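No value in this document is a laboratory result; all are computed from the given coordinates. Note that the coordinates shown come from a computational prediction; the quantities given were computed from them, not determined experimentally. When we count neighbours, we look across all protein chains shown, and the Cβ atoms used for this are built from the backbone with ideal geometry, even at glycine.
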Amino acid sequence: MSIPSHILNLIENNAVDEAIVSLDRFIEESGDSAEAYFQRGKLHWQAGHRREAINDYHRAVDIDSASPAREALRLSMSIMNFYNTDLYNP
């Protein structure tokens, strides 16, 4: 099932919090949708909710292994694993 246009409009208009709530409802009502989890993951990442974003990316990949969430998950994990010793000892 594809994401309804009113939710896509929220995403396009950068209404992050409202789009997340709408995607929560959509996922609850329609069941598993890799695209919905991927989109919600991107919104969570944008909002700074890293854990929720990574969980959504994982769920999207579990549903559809060819989902673009696979690449988003790889990139997010590389960002989270970045280690810069200069930040600890300025």
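Below are the figures for this structure:
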| read-out | value |
| --- | --- |
| Additional length obtainable on full extension of the chain from residue 55 to residue 18, 0.36 nm per residue less Cα span | 11.4 nm |
| Nearest-ten-degree value, helix 16-30 long axis tilted from longest Cα axis of the chain | 50 |
| FRET efficiency, residue 5 to residue 65 (Cβ-Cβ, R0 22 Å, nearest 0.05) | 0.25 |
| Extended-chain gain in nm, criterion 0.36 nm per residue less alpha-carbon gap, residue 80 and residue 47 | 10.3 nm |
| Rounded to 10°, Cα long-axis angle of helix 50-63 versus longest principal axis of the chain | 50 |
| Principal-axis tilt of helix 69-80 within the chain, Cα atoms, nearest 10 degrees | 30 |
| Net charge of Cβ neighbours under 11 Å - reference residue 20; Lys, Arg +1; Asp, Glu -1 | -2 |
| Burial order of peptide ranges 16-22, 60-66 (average beta-carbon count within 10 Å, highest first) | 16-22, 60-66 |
| Whole-number Å³ per residue for the convex hull built on Cα positions in the chain | 99 |
